[in-house]
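The values are calculated or read from the model by the stated rules, or taken from the named source; none is laboratory data. Everything quoted here is computed from the prediction, not taken from an experiment. Positions of Cβ are backbone-derived with ideal geometry, glycine not excepted, and every protein chain shown enters the neighbour counts.
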């Protein structure tokens, strides 16, 4: 056995016998929350985060099931003489523990960010080599969720790096959800089921339909295509993560955001809002607070939806639910509206079933009656079928 293979085996064995046993049951369904990065980047401070926690409650996100408030990069500036991470005292003068306490007082959970590299993506101190001290610090502050990035990681083995932090969290004395943001480079879905609770499958999402950036960012439809075949790796307690939501950030049309949110629900993706939830339009609020769509995402069976039919611009995706219902998305990639054949059998529908429209919030017929579906351009029809 070669040395690299031996290191990989030891890392995986350690993860399987440590983390899974010490942190069970943290995310039996995909986590729901909000992350600061997509809207605010580095422009964050404690007042902003407190306002987000207030808006969570006032605008109905807490009642809809969202619970995590996650600070992304730029809260940290240095390490002290003992190696402990130093908080940006200008933007977070009360410290992280006080902020976590405030969020907990709202009945919410608090998340923070670090990186498996020597520096974060914004050149702040990373956690490589400081996993134990950082995990204990996060636990002392009352952290409930860690997003762990992959910048400035040249020469670092991802399995070892993520396993090291995984074990440090498991030994921190506090249950902390571990969100691995390795961008899918090492196919973490094949090895991380007992290392992290969720793992990114792709590069960063962008607020667009199918754009691609030179540095690796991409639109949500491009990310959607990269989820095909990954459904077998996900389930209760361990989730594929196609990245955060862009709903409400202003660069797509309403029906495109509806399609984006629908698919993230069908895929059992973590639903981490990335907009300014203090100032949401009615249309944005109606998307993020659609409890019937969220129920598909939070179904206790934890079966990730998958593509069952592909005819170019026309696709069908389906997801079995715990009570025998089936969630189905009919997807039109074209910019023009079309009438498509329903092809219920392709979605696994063999008997006549009632069809409930997730976005119209009403029953619209039966599978026997509905032989075609009309889908607008760049849009979906999202149904829940029942006997």
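Here are a few things to note about the model shown:
- The lone criterion from (1) farther than 23 Å from residue 58 by Cβ; (2) part of a helix (DSSP H, G or I) left unmet by residue 284 is number (1).
- Total residues in the range 363-387 satisfying the condition of being within 29 Å of the chain's Cα centre (by Cα) and either free of Cβ contacts under 8 Å to residues at least 60 places away in the same chain or more than 20 Å from residue 323 (Cα to Cα) (or both): the figure is 8.
- Of the residues examined, residue 360 is not one that is in a loop (DSSP other than H, G, I, E, B) and touching a residue at least 12 places away in the same chain (Cβ under 8 Å).
- Some residue of the range 150-164 being within 30 Å of residue 60 (Cβ to Cβ) and under 19 Å from the mean Cα position of the chain (by Cα): no
- For the criterion of being touching a residue at least 60 places away in the same chain (Cβ under 8 Å), within 25 Å of residue 269 (Cα to Cα) and surrounded by fewer than 14 Cβ atoms within 10 Å (Cβ to Cβ), residue 300 passes.
- Subset of the range 348-376 (residues that are surrounded by 14 or more Cβ atoms within 10 Å (Cβ to Cβ), touching a helix residue (DSSP H, G or I) at 6+ places or on another chain (Cβ under 9 Å) and within 15 Å of residue 308 (Cβ to Cβ)): 367
- Those residues of the range 331-347 which are part of a strand (DSSP E or B) and surrounded by 22 or more Cβ atoms within 10 Å (Cβ to Cβ), in sequence order: 331, 332
- Members of the range 55-101 found to be part of a helix (DSSP H, G or I) and more than 22 Å from the chain's Cα centre (by Cα), listed by number: 58, 96, 97, 98, 99, 101
- Residues in the range 15-33 include at least one that is part of a strand (DSSP E or B) and at pLDDT 95 or above.
- Any chance residue 260 is surrounded by fewer than 20 Cβ atoms within 10 Å (Cβ to Cβ), under 20 Å from residue 68 (Cβ atoms) and either modelled with pLDDT of 95 or more or out of contact with any strand residue (DSSP E or B) (no Cβ under 7 Å at 6 or more places or on another chain) (or both): no
- Summed over the range 102-119, the residues that are part of a helix (DSSP H, G or I) and under 21 Å from residue 179 (Cβ atoms) give a count of 2.
- Across the range 99-132, the number of residues qualifying as within 17 Å of residue 54 (Cβ to Cβ) and free of Cβ contacts under 8 Å to residues at least 24 places away in the same chain comes to 1.
- Subset of the range 41-53 that is touching a residue at least 60 places away in the same chain (Cβ under 8 Å) and not in a loop (DSSP other than H, G, I, E, B) - its residue that is surrounded by the fewest Cβ atoms within 10 Å (Cβ to Cβ): 51
- Residue within the range 266-281 that is farther than 18 Å from residue 207 by Cβ, crowded, with 20+ Cβ neighbours inside 10 Å and free of Cβ contacts under 8 Å to residues at least 60 places away in the same chain present: yes
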